[in-house]
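I have placed the structure first, in the form of structure tokens, so that the comments after it can refer back to it.
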Amino acid sequence: MPNKDNGNPNANNEAWRNELQQVGFVRRLFQARKWYGADWWFVAISTAMVFGFIFVALFPQWLAPYRFDTIVGTSFLAPGEYPDLPMLITRTDSPTNSLQDLAVGANADRPVIGAIRGSPSAVAINEQSQIVDEQLVSGNSGLRLRPRIERYVTIPALLDAITAGEVAAGVANESEFEEYSGDYPELHSGTTISGGTATAGGFVMGTNDIGQDVLSRLIWGTRVAIVIGFSSSIISLLIGLPLGLLAGYFSGKADRTLSLVMDSLYAFPGLILAIAITAVLGPSIYNVIVAIAVLYIPTYYRIVRGQTMTVKEEVFIEAAQSIGARRWEILWRYVFPNVIPSVAIIFSINVADAILTGAGLSFLGLGLPPTIADWGIDLARGQRHIQTAWWLITFPGTAIMLIVLAFTMMGEGLMEIFNPKLRER
Amino acid sequence: MPVEILYSIRNLDVEYHTRGGDVRAVDSVSFDIRRGEILGLVGESACGKSTLGKALMRLHRKPASIVGGQLHFDGRDLMALTEDEMRTVRGGEIGMVFQDPMTSLNPVQRIIEHLTETILAHEPNTSKKEARLRAGKLAEKLGIRAERLNEYPHQMSGGMRQRVMISLALALRAKLVIADEPTTSLDVIVEAKFLDLLRELRQEFDLTILLITHNIGVVAEVSDRVAVMYAARLVEIGDVGSIFANPKHPYTRGLLHSVPNITLGDIELYKMEGAPPSLLRPPTGCRFHPRCPDVMAICKRKNPPLQKIGSDNQVACWLYGKEGDA
């Protein structure tokens, strides 16, 4: 924002340029408010963050590697930890690479697959081959997969059997195979038995207690946070703004009654009120939105009412009356546009507040049904494992902090730009 | 030229209801505004001039109310009109120009919107295009260039904004414009231009202007007649020439003496004794008597009525009273 109120604009411009040439780039960046009137980078960064969050909330399916409710691997994988999946192990010269390759005609000999007795991989191969078999049958390929499982006691025994060709393939967890792979150069691991290759590098943010991807839940959770933040703020805006406008403009008895109600609502501890409302209404995203909206109506009401009362004493309102403007016309065309800037600022800060309250509610297990991907729920689930799995609460916690920071910073920055009294000279 | 009365005000009382009691800011004021004239209304600060101006449009707000009197404007009884009918009079027939042009325009509306909105508020059948056309023509007459119409009030100077305010009053061909200290916040050169403009407009639009001011010089410059108010009452009204040459009321005399004058030289400026009275507890009888150099016994007991003196002047003072002692 150009510096407008210092006398001659040309002379001012000159001085501005001289000063600009004397300072270095970094200092120029940090002292930018001197020339632009506010911490423009403050606003720029936070606005970029806000739009980033909104983008993530709109298109989580493009950004998240998995859906928020799919179980993708073993539970409690640390960030970057390789998931230890059962692999199909074959001789290097064998054409077999996946379970499907072992399928044979209905009357042919059933293939033999080796496994470790009592290990999870033995259970997995059973389940997985049934799934593949069902797919083959329904696909009318004429092939079946009904392997005979040969059980061994130790890994070397299994690997020996594969090398000797006693079994067509073997199943072992990747880590188990890796331990001995040096001794068996003629063996290699193909794919995981479920078909895919294991995620390279594991999961960026690890997996949670039931093996869901933390990153994917984080990305899908953005949607819930943004939806709760925006819709509850919009609802309280839509109720608080007109009430404040009318109360401030017409004053009188209705105003006093309304103000008393709003003040009592405001004085009541916010989170407790929200807890009470959701406890009565039951856990659902709509109820959370309603509870939070009720909480923030008084904020808008008070600000708008105060602003309206200031604006309506301005001379231009009297001037509007003197040219015969109608009352609603004055309210709509003279008072309302002069109140809106402060509302925009409150809105931004309010969204941050609403997200925080929403997360708080679901952390307490009151807000959302547990099937939804929500940061508050993730936090609540993670805090039970805080000593063993730090990544379960760190990432959702950081996300909450960042989104609240972004909206609050944007609001504060806008306030500084719109309110010249706060401007540093 | 026959004198035609445009606005006749009779025994107008306006009160402010405050915690300290009711303050009568306009106390049984009666005068006429003649069609086509510029009537100056002068007086000290807080003597009730602005309250009177607003009351003439019934524009007073909450603590103030008109408690009595008759307002006859152009053959209509304004006191009998409903608020909705009054709205069509405001702007449509009586316009107002405020003291501070910096704050009397909506900061978030363009100039052209101010004008078209005024036109559309009173003539809802006018098309938006037609209203814009009319607004443009009017603005041009007032010396506002067409490209400036798309600017916001903060982009204009004080003099320009005052022109905009006037054009709002003229947009619907108001018959009477009440200008409440229109030049107070303008510098002398802009003020002179503005006063010239007022005179031109009177000719062109057949306008009647009530010029409320505390600046005697402005009144002398443009007014045809002048009314002097003191402590909520009208003390003298008459033709500018005769009042300036021969002020009858001691207050008017004092007021005219206190005007700085370059020919005065080193002589100290006349300062009136005392201070204006509190309207909460006004003095008995004539309100000027505690400060009056010519005070008589009757002044403390009885309020002097406005009486005709000379050909066209009226004064409220016992000095010219024929009533004797009552």
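Evaluate the following for B:Ala171: is it of a type in the set (A, V, I, L, M, F, W, C), buried (at least 21 other Cβ atoms within 10 Å of the Cβ), touching a helix residue (DSSP H, G or I) at 6+ places or on another chain (Cβ under 7 Å) and over 11 Å from B:Ile111 (Cβ atoms)?
Working: of a type in the set (A, V, I, L, M, F, W, C): yes; buried (at least 21 other Cβ atoms within 10 Å of the Cβ): yes; touching a helix residue (DSSP H, G or I) at 6+ places or on another chain (Cβ under 7 Å): yes; over 11 Å from B:Ile111 (Cβ atoms): yes.
Judged against the criteria, B:Ala171 is a match.
Have a look at A:Ala161, A:Ala106 and point out the one that is touching a Phe, Trp or Tyr at 6+ places or on another chain (Cβ under 7 Å), surrounded by fewer than 17 Cβ atoms within 10 Å (Cβ to Cβ) and more than 30 Å from A:Ser75 (Cα to Cα). Steps first, answer last, please.
On the way: A:Ala106 fails: touching a Phe, Trp or Tyr at 6+ places or on another chain (Cβ under 7 Å).
Just a single option satisfies the conditions, and that option is A:Ala161.
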> Out of (1) free of Cβ contacts under 8 Å to residues at least 24 places away in the same chain; (2) more than 16 Å from the chain's Cα centre (by Cα); (3) in a loop (DSSP other than H, G, I, E, B), the odd one out for A:Thr388 is which?
Replying inline: (1)
> What strands (runs of 3 or more DSSP E), lying completely within segment B:27-123, carry at least 1 residues that are more than 14 Å from chain A (Cβ to nearest Cβ) and in contact (Cβ under 8 Å) with a residue 24 or more places away in the chain?
Replying inline: B:38-42, B:64-73
> Exactly one of (1) touching a helix residue (DSSP H, G or I) at 6+ places or on another chain (Cβ under 6 Å); (2) within 12 Å of chain B (Cβ to nearest Cβ); (3) in a helix (DSSP H, G or I); (4) buried (at least 22 other Cβ atoms within 10 Å of the Cβ) is unmet by A:Ala319. Its number?
Replying inline: (1)
> Does B:Arg24 satisfy the condition of being under 24 Å from B:Asn313 (Cα atoms), in contact with a strand residue (DSSP E or B) (Cβ under 6 Å, 6 or more places away or on another chain), touching a residue at least 60 places away in the same chain (Cβ under 8 Å) and part of a strand (DSSP E or B)?
Replying inline: no
>> Just to check your reading of the model, which residue among B:Arg145, B:Arg163 is surrounded by 20 or more Cβ atoms within 10 Å (Cβ to Cβ) and of a type in the set (Lys, Arg)?
In response: B:Arg163
> Is there any pair linking a residue in segment A:235-259 that is farther than 9 Å from A:Tyr300 by Cβ to one that is hydroxyl-bearing (Ser, Thr, Tyr) and surrounded by fewer than 22 Cβ atoms within 10 Å (Cβ to Cβ), with Cβ under 7 Å and at least six apart or on different chains, and which?
Replying inline: A:Ala247/A:Ser259
>> I need the full set of residues from segment A:80-122 which are more than 24 Å from A:Tyr184 (Cβ to Cβ) and either within 36 Å of the chain's Cα centre (by Cα) or part of a loop (DSSP other than H, G, I, E, B) (or both), in order please.
In response: A:Gly80, A:Glu81, A:Ala103, A:Ala106, A:Asn107, A:Ala108, A:Asp109, A:Arg110
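State whether the residues of segment B:170-186 include one that is more than 14 Å from the chain's Cα centre (by Cα), in a helix (DSSP H, G or I), within 14 Å of chain A (Cβ to nearest Cβ) and modelled with pLDDT under 90.
The initial filter retains those residues of segment B:170-186 that are more than 14 Å from the chain's Cα centre (by Cα), namely B:170-175, B:185-186.
Those left that are additionally in a helix (DSSP H, G or I): B:170.
Subset that is within 14 Å of chain A (Cβ to nearest Cβ): B:170.
Restricting the remaining residues to those that are modelled with pLDDT under 90 gives B:170.
Yes, segment B:170-186 has at least one match.
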> Which residue pairs have Cβ atoms under 6 Å apart, sit 6 or more places apart or on different chains, and have a first residue in segment A:124-138 that is among the hydroxyl-bearing types (Ser, Thr, Tyr) and a second that is outside any helix (DSSP H, G or I) and surrounded by 15 or more Cβ atoms within 10 Å (Cβ to Cβ)?
Replying inline: A:Ser129/A:Leu145; A:Ser129/A:Pro147
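Would you check if A:Ile323 is touching a strand residue (DSSP E or B) at 6+ places or on another chain (Cβ under 8 Å), within 30 Å of B:Leu170 (Cα to Cα) and among the β-branched types (Val, Ile, Thr)? Show your work before the answer.
Values: touching a strand residue (DSSP E or B) at 6+ places or on another chain (Cβ under 8 Å): yes; within 30 Å of B:Leu170 (Cα to Cα): yes; among the β-branched types (Val, Ile, Thr): yes.
Considered against the rule, which asks whether it is touching a strand residue (DSSP E or B) at 6+ places or on another chain (Cβ under 8 Å), within 30 Å of B:Leu170 (Cα to Cα) and among the β-branched types (Val, Ile, Thr), A:Ile323 comes out as yes.
Name the strands (runs of 3 or more DSSP E) wholly inside segment B:215-326 in which the number of residues that are at pLDDT 85 or above and touching a helix residue (DSSP H, G or I) at 6+ places or on another chain (Cβ under 6 Å) is 3 or more.
On the way: elements: B:225-230, B:233-239, B:307-309, B:313-315.
Passing ranges, in order: B:225-230.
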> Of the residues A:Gly324, A:Gly365, A:Gly360, A:Gly413, which is within 24 Å of the chain's Cα centre (by Cα), of a type outside the set (Ser, Thr, Tyr) and surrounded by 21 or more Cβ atoms within 10 Å (Cβ to Cβ)?
Replying inline: A:Gly413
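The values are calculated or read from the model by the stated rules, or taken from the named source; none is laboratory data. Here the structure is a predicted model, which is why all the values come from computation and not from measurement. Methodologically, a virtual Cβ is constructed for each residue, glycine included, from the backbone with ideal geometry; neighbour enumeration extends over all protein chains shown.
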